[in-house]
1. If I take R0 = 25 Å and measure r between the Cβ atoms of K105 and D73 in this structure, what FRET efficiency does the formula 1/(1 + (r/R0)^6) give, to the nearest 0.05?
2. Taking a ≥ b ≥ c as the square roots of the Cα gyration tensor eigenvalues, with a/c under 1.5 meaning rounded and otherwise prolate when a/b beats b/c, else oblate, which class fits segment 1-84?
3. Remind me, relative contact order of segment 1-130 in percent, using alpha carbon pairs under 8 angstrom and six or more residues apart?
4. Can you work out ³J(HN,Hα) from phi for every residue in segment 113-127, in order, using Karplus 6.51 cos²θ - 1.76 cosθ + 1.60 and θ = phi - 60°, giving whole Hz and x for Gly and Pro?
5. Just to verify a number: FRET efficiency for N16 and L84, C-beta to C-beta distance, R0 = 22 Å, to 0.05?
6. Residue by residue, what Karplus-based ³J(HN,Hα) values in Hz, rounded to whole numbers, does segment 49-64 have, using 6.51, -1.76 and 1.60 with θ = phi - 60° and x for Gly and Pro?
7. Apply 1/(1 + (r/R0)^6) to the Cβ-Cβ distance of Q115 and L138, taking R0 = 30 Å, and write down the FRET efficiency to the nearest 0.05.
8. Apply the Karplus parameterisation 6.51 cos²θ - 1.76 cosθ + 1.60, with θ equal to phi minus 60°, to every residue of segment 26-43 and state each ³J(HN,Hα) to the nearest whole Hz, in sequence, with x for glycine and proline.
Amino acid sequence: MIRIGHGYDVHKLVENRDLILGGVKIPHTLGLLGHSDADVLLHAISDALLGALALGDIGKHFPDTDPTYKGADSLELLRQVVALIEKEGYTLGNLDAIVIAQAPKLRPYIDTMRQNIADACHADISQISVKATTEERLGFTGREEGISAHCVCLLVKKSEG
Ligand code: ZN
């Protein structure tokens, strides 16, 4: 039994915020604005995992009106999502994510992001794909007003006993 999930998220780029993607703090002049650490990649992944089991989205599970999640570490939120998935009897088959950002260059950080995600998902790095692209200076990502991320995933029912 397999289930497919899709997640999408956007955060605005502003001054005086850290840029954290895939649990990696990346040196940059701008960072993402949000109630939590605004890790847009981990949010898209968390939404894909929840979506695969029709469990809603991270806004439902970790509302931004709740002070508990102010400045929250999105890797910790992802771990909590994975615990929900496992409680339902599922495990990650694989996920494929893409970050859309005009700048900075993300390639040097991709494998660290993949390992962080694999650890949070109790998976091997070979099950985690993270890609980065620009939108050729078009649209809000191209103008460096924000960063978006997409993720699709497959969850696999764990065999009994
Ligand atoms: Zn988000």
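Taken together, the values in this text are just the output of simple stated rules run on the coordinates, not laboratory data. Just so we're clear, the structure is a prediction, and the values are computed from it rather than from any experiment. Backbone-built Cβ (ideal geometry, glycine too); neighbour counts: all protein chains shown.
1. Given R0 = 25 Å and the Cβ-Cβ separation, E is 0.55.
2. Prolate, since a/c reaches 1.5 and a/b exceeds b/c.
3. So the answer I get is 24 percent.
4. 4, 4, 5, 4, 5, 4, 4, 5, 8, 6, 10, 8, 4, 5, 8
5. 0.10
6. 5, 5, x, 4, 10, 6, 9, x, 9, 5, x, 6, 7, 10, x, 6
7. 0.45
8. 10, x, 6, 6, 10, x, 8, 8, x, 5, 8, 6, 6, 6, 4, 5, 5, 5
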